[in-house]
1. Counting just the residues of region 127-144 that are part of a helix (DSSP H, G or I), in contact (Cβ under 8 Å) with a residue 60 or more places away in the chain and out of contact with any Pro (no Cβ under 6 Å at 6 or more places or on another chain), which one comes out nearest to residue 94 (Cα to Cα)?
2. I need the helices (runs of 4 or more DSSP H) fully contained in region 17-90, keeping only those with at least 2 residues that are without any contact (Cβ under 8 Å) to a residue 12 or more places away in the chain.
3. Taking the condition at pLDDT 90 or above, assigned to a helix (DSSP H, G or I) and not small (Gly, Ala, Ser), does residue 384 pass?
4. Can you name every residue in region 417-451 that is out of contact with any Leu (no Cβ under 8 Å at 6 or more places or on another chain) and among the small types (Gly, Ala, Ser)?
5. What strands (runs of 3 or more DSSP E), lying completely within region 173-270, carry at least 2 residues that are at pLDDT 70 or above and under 18 Å from the mean Cα position of the chain (by Cα)?
6. Filter region 451-478 down to residues that are polar (S, T, N, Q) and not in a strand (DSSP E or B) and give me whichever is surrounded by the most Cβ atoms within 10 Å (Cβ to Cβ).
7. Take the residues in region 608-661 that are loosely packed, with under 14 Cβ neighbours inside 10 Å, within 21 Å of residue 675 (Cα to Cα) and of a type in the set (A, V, I, L, M); name whichever of them is modelled with the highest pLDDT.
8. From the list 458, 431, 478, 420, pick out the single residue that is touching a strand residue (DSSP E or B) at 6+ places or on another chain (Cβ under 9 Å), without any contact (Cβ under 8 Å) to a residue 40 or more places away in the chain and acidic (Asp, Glu).
Amino acid sequence: MGAERRARIPAILWFSLRAHWALGLLPLAFLTEISRPALSLAAAAFAAGAVLDWNESPRRGWDRAASPLLVAVCAAAAGNLFAGSGDLLASVSLLLLGVQSVKFLLPKTHRDGWQLCAFSFLEFLAAAATTTEIQFAGFLFLFLVLSAGAMWALQVEEAAETGGAAAPRARPGFAVLLLLFSAVGGLLLTAALFAVTPRIGIGQFLRRLGNRESITGFSNAISLRDVTSVKVDRRVVARIEFPALAAGVSPPGLYLRGATYARFDGTRWSRARRPLAKVPKSGIHYVLSPPKAVPLSSAEIFLEPMDRPALFVYAGAVSLEGTLGEIRTDGQGNYLPAEGSSAVRYRMLFSREESRRGKRSPGPDGVYLTLPPASDGIRDLATLVTSQGSSDAERAELARRFFLSGFRYTLTDTASSVEEFLFRKKAGFCEHYATALTLLLRAAGIPARVAAGYQGGEWSDVGNYLIVRQSDAHAWTEAWIGGRWVTLDATPILGENSPFFARTGMFGMYVDWSRQRWIKYVVNYSLRMQAEAASGGWLALRRSGTRIRRFLGMPAGLSGRKIAAFGLALAALFLAWRMRGGGGSLFSGRKGAGDPPLPRPYARLLRRLAAGARRRSAGTPLEAMLRETVAGTPALLSHADRFLSLYHRDRFGPHSLSAAESAEAARLADLLRRGLPRTAGR
């Protein structure tokens, strides 16, 4: 019975069903941290079960072993939850994998097939709940393709199990196209539902659950090589769009600050010890500094997950907007989200430079003038370098220019201390330059600090946004001049000569663009974005209506209600015309005025016969066309006789067919339609 049943199922459907059962394992393996031994066991069980199914092995006695195995699976999942990882999602996934493995090995009916499809779907949902990777979109499309094939296969299997006719042989090309069209339709429907379903802003939650390795952030202290040590990493840190840019602002030249450091002990910089205060809010905006009467630029920042959460801002940041919770600041340029949270996406307004403090506002305290012990040489050098300056701005510029000659940026044979960098080797990283300039400014009486973050980035012409990578990590100096913090960078501009420079090719740009779109419109798709899309769609609809009215010469005062009333009136007239019979039938399938239309299977068979030039005249009945067509196909004669007997009773008999007879008539009609000679389909 098993081999005969499998022979009645097209091979492509048989394999499509098995592939659907196993598909749930792939996103769990590639996108989550689910137990690898459990996944390997499930994969082995699937392979063994597929071989047994193909060979139709009887597997006597396996049903008796299923119950003890299921008990062991439940015990293992419970043990993992209460005495192991304690992760509910991991324990439930382990339970699903165990039950699925047992069912893989057992003989299967079509009901078992539906259950295994449900297991695959649950595993797919588990992967969806713990990943934000764009690869999930590929798994989704493949899942939709195989889902269509699996449902088709299970319907055929059910017919085979209940003694129905064998499924007609499906041409592989047609089957593949049908599955692809079904998947595309399902993907479009999924996208439409995703776009209109109200969003609750779970992108940040999902990204914390994912297994992707976090990007190293900036800690409370850095040494003379901590920033450069991360520059060898090419991973993307952030993608930044600029909806509006003030004149003269170039994104690749901006400094994205993540932390500032005030205390230096000779080897390490640390943050100033300041109590954290809550950043005030005005509506949906976090106010970082007073509004300015100058042109402002805007940036929309999409951050990758970081192991040390921080809010990165440009100099002159005025306000932030986003789902950020409570933001705290030490008042020294450091902005931190609440404990346990991580900024994912936010918008920022900023000017070209920091705002000036009012005369009554206190400036930086003495910690920004402190030098490490034994700094007499640095004081003497500062006097020598800056003595010609008559203002803080001039002295700061003289100090910065001092590093333009005689110093070199290198990754080898670097100075081990700032004194060695200034007086002997004069070779080092950006941390050496930033530290040396900061100390020179302090020795000259100018408050200064070291800032760390990212400088510039790679501009994507494909998506019109800035790609910031770990290799763009940088340290620079900020000096208090004229009542505000001013950015000063002594590190030489290396450009393409930088040891960390690498240009992304066009293909890589398109790959990054697709990921940026995924993060923006899927992971971080928000209720506000929905509202903006709806507002934009409504405006576009109104503009289209205006153009249509102008094209048709309608008066400008014609309101939308009048147009809608006119359209409804036309629709009502059309329906009345159709109900009076003016439209005729879409196919010649009525036996006379007042008769009900043919059932769909009958109508499809009639159209097939008529398309094959079997209808000699408008009055040629279905029976005559069918008998003429199957005369040369003996295998269909018995099916045709049985169908015509049921057809005549259904259409012309005194009583309706039973449910079973109606189903049989519909099945025979489909069987005959598919089995007709090719000449009958032209």
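The values are calculated or read from the model by the stated rules, or taken from the named source; none is laboratory data. Owing to the predicted nature of the structure, the values given are computational and were not obtained by experimental measurement. Cβ: placed from backbone, ideal geometry, glycine included. Neighbour counts: every protein chain shown.
1. Top of the filtered list is 128.
2. Here the list reads 36-55, 62-82.
3. Judged against the criteria, residue 384 is a match.
4. 427, 434, 444, 451
5. 236-244
6. 471
7. The selected residue is 637.
8. When all the criteria are applied, what remains is 420.
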